[in-house]
Amino acid sequence: MSAKNLNDKLIRVERSINIYSNSDNSLIEEIDVNQISIEVLNKIVKPKEDDPLLYDGYVLDKNQLEEFNKVIQNNIVPKFDYFFYVLESEGIYDWD
């Protein structure tokens, strides 16, 4: 399937901050951040040059988590000794 066809089937992109365990990389929690506009996300997380819509995963630091806490309901208390935090995106596609 070509990329053009795949883009035609994209319904939406869902984003979350995923919290993973440092000990075994298991997913501990997902925090929905879909309510945050891409413009605000780009102010918090500097996108790679070839990824302006933040489709890649981005490991978050303390400052970025503090900025997220200003705009989300779920207040993240970073515990970097135990966890790492990643902004992730998932495409939702219409396969019919």
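Bear in mind these aren't lab numbers, they're just calculated from the coordinates by the rules spelled out. Here the structure is a predicted model, which is why all the values come from computation and not from measurement. Every residue, glycine among them, receives a Cβ derived from its backbone with ideal geometry; neighbour counts consider all protein chains shown.
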Residue separation between Val71 and Glu30 times 0.36 nm, minus their alpha-carbon distance, gives in nm 13.2 nm
Simple SL model, points at 7 angstrom along Cα→Cβ for Ser23 and Ile11; separation in nm is 3.8
Only helices counted: for the chain, with every DSSP H run of 4 or more residues adding -39500 (n - 2.57) and the sum spread over all residues, [θ] at 222 nm is -6000 deg cm²/dmol
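With a cap of 15 neighbouring Cβ atoms within 10 Å, and only residues DSSP puts in a loop, list the trypsin sites (Lys or Arg not before Pro) found in the stretch 13-48. Mind showing how you got there, number by number?
Numbers: sites: Arg15, Lys43, Lys48; in loops: Lys48.
Answer in residue order: Lys48.
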The Rg/Rh figure for the chain, Cα atoms and Kirkwood Rh, to two decimals is 1.01
